[in-house]
Amino acid sequence: MNIKKATVAGMFYPDNKDEIINLIEQYDKSIENDTNYLSKLVISPHAGYKYSGFGAYLSLKHLGGKNIFILAPAHKKYVEGVAICDYDYFETPMGRIPVNKNIINDLATKYNLNTNNTAFEHEHAIEVQLPFLSYLKKEFNIVPILVGNCNPNLITEIIEEYCKYVDNTFIISSDLTHFLTDEKAKKIDAITAQMIENNNNEGLQRMQACNAVSLYSAIEFSKNNNYSFIRLDMRNSSLTTKDTKNVVGYGSWMLYEGTTNSFIKKYYSQYLKKVCYNSIKNKGNYLPENIPPVLNQIGASFVTIEKQGVLRGCIGTISAHRELIEDIVNNAYNSAYKDPRFQPVKEHEINELDISISLLTRPFEITFTDEEDLLNKIVPYKDGLIISDLGKRAVYLPSVWEQLPDKKIFLCSLKQKAGLKPDHFSKSFRAYKFYSEYI
């Protein structure tokens, strides 16, 4: 029996089972606004637990499956391509964890991978994930993989192939920036987070993450399948060390089989409606508590308020440029007090208001030859529409189809809203689609 010994127990994490369980129970008690969603792929940091353990636990808590692939960078030994091992078990203070040798052999045959136990001997990026998995799962096995100087297309292919099966799930074990100042690290990590959350791997650099190859491939997999990454945690080592001159960044995400906005609607609708009411009550001078990290992602929204079924205000953001929670707080306040079509809401009216929120996707331009062609490319009750010409612009949310179900009337009304004539059209006329989730 070939057993991989634990080499960073007592350094990166406790070497005692009871201490590990006690620490994880503390993590559990501090989790706010959790969901029960189980994901087929997560991004998890791999530093010492005092630095990134909470973020790692947040991501692994959402991992489904019984065959858990762990894609980790090779920190200790140079690896050309991808390395696998022939261990039967990985030892941890929580017990031995079996390796799925059938899948290992399958990988070796399909992709001509080499066994390199030496590269695994002192590698922490796999080991630190294992105590969490032992705590969270009764029966599982692992497929440990070290990713070195490798074409990301190979990793994408492996993820695509094995994620077809419901029992298979993936951990992308990766930290973010290394050894920058706190200010620089936060800027670059914010860019990396936006790339992950926008399914944009173009130009992803190795310095952005220590497992950038696997990260690139995970984003590619998400993009190919129209999935989304949901932020679970963002931090860096200065939170623990108080050293802001030399920090390491950490981020945690889970893959969601749908859009980010649909996830927010499903799990956080009531939270956001309370945020809007509190923003209006406090006239915008309001900072929400216990903000779910997904609401710190960049997003765009409209907030609509009605009183007894009559519009009382509607203000929003077409293009995402700030954190969604900030956008919603500001748009709720502006809808109540800054919509030029209405008098500001009075204090006695606040409890009579009905609030709705539209979470917008990024707009994309529609190509068309003439107005008839444009109308043919608009889908009622689904598409939001932005038009612009002659320095004027206007937007209708998809909810407006309820009042204007005819495409021609919808477009003419939108032109009038922009200050254009209903029959206006020109070569410089532009139109953009977007979609929204309506709360």
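The values are calculated or read from the model by the stated rules, or taken from the named source; none is laboratory data. In this text the structure is predicted, and so the values were computed from the model without any measurement. Every residue, glycine among them, receives a Cβ derived from its backbone with ideal geometry; neighbour counts consider all protein chains shown.
Miscellaneous remarks
- Test for Ser399: is it under 18 Å from Glu437 (Cα atoms) and either among the basic types (Lys, Arg) or outside the structural domain of Ile305 (by TED's automatic domain parsing) (or both): yes
- So Ser30, is it over 19 Å from Pro144 (Cα atoms), of a type in the set (S, T, N, Q) and either in contact with a Gly (Cβ under 7 Å, 6 or more places away or on another chain) or surrounded by fewer than 23 Cβ atoms within 10 Å (Cβ to Cβ) (or both): yes
- Residue match in the stretch 416-427 (condition: without any contact (Cβ under 8 Å) to a residue 24 or more places away in the chain, out of contact with any helix residue (DSSP H, G or I) (no Cβ under 9 Å at 6 or more places or on another chain), under 22 Å from Ala300 (Cβ atoms) and not polar (S, T, N, Q)): yes
- Residue match in the stretch 118-136 (condition: more than 21 Å from Val213 (Cβ to Cβ), assigned by TED's automatic domain parsing to the domain that holds Ile43, out of contact with any Gly (no Cβ under 9 Å at 6 or more places or on another chain) and among the aromatic types (Phe, Trp, Tyr)): yes
- Top-ranked residue in the stretch 402-418 [being of a type in the set (S, T, N, Q) and not in a loop (DSSP other than H, G, I, E, B); ranked as surrounded by the fewest Cβ atoms within 10 Å (Cβ to Cβ)]: Gln416
- Total residues in the stretch 401-422 satisfying the condition of being at pLDDT below 95 and among the acidic types (Asp, Glu): the figure is 1.
- Index of the failed condition, His348 passing every other in (1) outside any helix (DSSP H, G or I); (2) assigned by TED's automatic domain parsing to the domain that holds Val310; (3) more than 19 Å from Val303 (Cβ to Cβ): (1)
- Qualifying residue in the stretch 386-399 (condition: over 17 Å from Leu420 (Cβ atoms), part of a helix (DSSP H, G or I) and either of a type in the set (A, V, I, L, M, F, W, C) or within 30 Å of the chain's Cα centre (by Cα) (or both)): yes
- In the stretch 242-264, the residues that are in contact (Cβ under 8 Å) with a residue 24 or more places away in the chain and surrounded by fewer than 18 Cβ atoms within 10 Å (Cβ to Cβ): Thr244, Lys245, Asn246, Glu257, Gly258, Thr259, Ser262
- Some residue of the stretch 320-330 being of a type in the set (Gly, Ala, Ser), under 29 Å from the mean Cα position of the chain (by Cα) and part of a loop (DSSP other than H, G, I, E, B): yes
- From the list Lys29, Lys40, Lys17, the lone residue that is touching a Pro at 6+ places or on another chain (Cβ under 7 Å) and among the basic types (Lys, Arg) is Lys17.
- The set of residues in the stretch 33-46 that are farther than 17 Å from Gly251 by Cα and either surrounded by 14 or more Cβ atoms within 10 Å (Cβ to Cβ) or in contact with a strand residue (DSSP E or B) (Cβ under 8 Å, 6 or more places away or on another chain) (or both) comprises Thr35, Tyr37, Leu38, Lys40.
- Residues in the stretch 264-320 that are touching a Pro at 6+ places or on another chain (Cβ under 7 Å), of a type in the set (A, V, I, L, M) and farther than 24 Å from Ser388 by Cα: Val275 only.
- Within the stretch 419-439, the set of residues being surrounded by fewer than 17 Cβ atoms within 10 Å (Cβ to Cβ) and either among the polar types (S, T, N, Q) or assigned to a helix (DSSP H, G or I) (or both) comprises Ser426, Ser428.
- In the stretch 47-68, the residues that are surrounded by fewer than 23 Cβ atoms within 10 Å (Cβ to Cβ) and in a strand (DSSP E or B): Asn67
- Cross-chain or 6+ apart pairs with Cβ under 6 Å, the stretch 126-141 first and surrounded by fewer than 20 Cβ atoms within 10 Å (Cβ to Cβ), then part of a helix (DSSP H, G or I): Tyr135/Ile24
- Residue match in the stretch 95-107 (condition: under 21 Å from the mean Cα position of the chain (by Cα), in contact (Cβ under 8 Å) with a residue 12 or more places away in the chain, surrounded by fewer than 22 Cβ atoms within 10 Å (Cβ to Cβ) and assigned to a helix (DSSP H, G or I)): no
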